Amino acid sequence: MKILNAIKLTIVGLLFTACSTPKNIVYFQDLTDGQILKLANYKGIALQPMDMISIVVNTKSTELSNMLNLPVSSHTIGYAEGMSLSQSRGTSGYTLDSKGDIDFPLLGKLHLAGMNREEAAAFIKQKLEEGNIATNAVVTIEFMNLSYQVLGETNHSGRFSITKDKVTIVEALSSAGDMTLYGMRDSVIVMREQNGERHTYVVNMLSGKDILESPAYYIQQGDVIYVKPNNYRRRQSTANASEVTTASFWLSALSVLATLSVLIFK
């Protein structure tokens, strides 16, 4: 009877442990209803050297607009050759050089590095007006090759395009299908290159406050997000993953045996 009771107690304890919600799984554990956290000032994606963008300038003059816009390298099949370039369906882009400059028609060298899309568009419009080239021009800038990478314990790791000015780490992980149950949510790594230096940030996704206050809350182009595997997943990746040879297993087994011995021989 003592042995049977001991086995029952052990099984109940294991089931209780298995059914409990792990504390390292739930996001935003420290947030409460109505809580307000202030975000750091963020002006959006800042253009960097080697970024590729499209710039479209529309003016009242079709001829001037055609001069200010790059010729399209390809046309849609069946598209009328006689139509103006300003009506073309194709898109050509500018690549910022190593100094963050572009060579813009009629304006020459323009330094755009460090500006967001809104600032760059306003800057070009201002230059057009200062040079008496165009007034009331509409300048539209779009990202073309900006992206970030998500690696590690996610459901869909890969490279993802940046299509808007603000992308958060939460959105980035969502794009990758969220972390698997084996991902370490308390230490997500974000690697970022800035001014020729590699910066590393560690984000605790279990803490809403830590996420919102992190410099890596907003993703920049070229960021690499890495979700580390937990100990269980790392053990699975060893050569003898099918064999139970870890020290933690034997310590747990010895602990259970010791408990059973005390209950049986008491």
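The values are calculated or read from the model by the stated rules, or taken from the named source; none is laboratory data. These numbers were taken from a predicted model, which means no experiment stands behind them. Heads up, the Cβs are rebuilt from the backbone with ideal geometry, glycines too, and the neighbour counts pull from every protein chain shown. Areas reflect the complete protein model, heavy atoms only, side chains present, ligands, DNA and RNA absent. Shrake-Rupley method; radii C 1.70, N 1.55, O 1.52, S 1.80 Å.
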| request: Grab the beta carbon distance between V202 and E129, set R0 = 41 Å, and tell me the FRET efficiency rounded to 0.05. | output: 0.35
| Given H placed on each backbone N at 1.01 Å, which residues far from G152 in sequence or on other chains put an amide H within less than 5 Å of it? | V227
| said: From the protein chains alone at 1.4 Å, what is the descending order of accessible area for H111, H199, H156, largest first? | reply: H156, H111, H199
| Distance in nm between label sites at E213 and D178, each 7 Å beyond Cα in the beta-carbon direction? | 2.7 nm
| field | Distance from region 108-135 to region 157-182 (C-alpha centre basis), Å | value | 32 Å
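Multiply the residue separation of S187 and D101 by 0.36 nm, subtract the distance between their alpha-carbon atoms, and state the gained length in nm to one decimal.
Gain on stretching S187 to D101: 27.3 nm.
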| Over the heavy atoms of D223, what accessible area does a 1.4 Å probe trace out, to the nearest 10 Å²? | 0 Å²
| field | Flagged links, alpha-carbon separation over 22 Å, of K43/K125; K99/K166; K99/K164; K166/K209; K109/K166 | value | K99/K166; K99/K164; K109/K166
| note | Residue separation between N195 and H111 times 0.36 nm, minus their alpha-carbon distance, gives in nm 28.7 nm
| remark: Of region 208-238, those with amide N under 20 Å from the point 7 Å along the Cα→Cβ vector of L31 are 208-220
| What does the convex hull of the Cα atoms of region 125-204 come to per residue, in Å³, rounded to a whole number? | 132 Å³
| Gain in span if fully extended, K166 to Y42, counting 0.36 nm per residue against the direct Cα distance | 43.8 nm
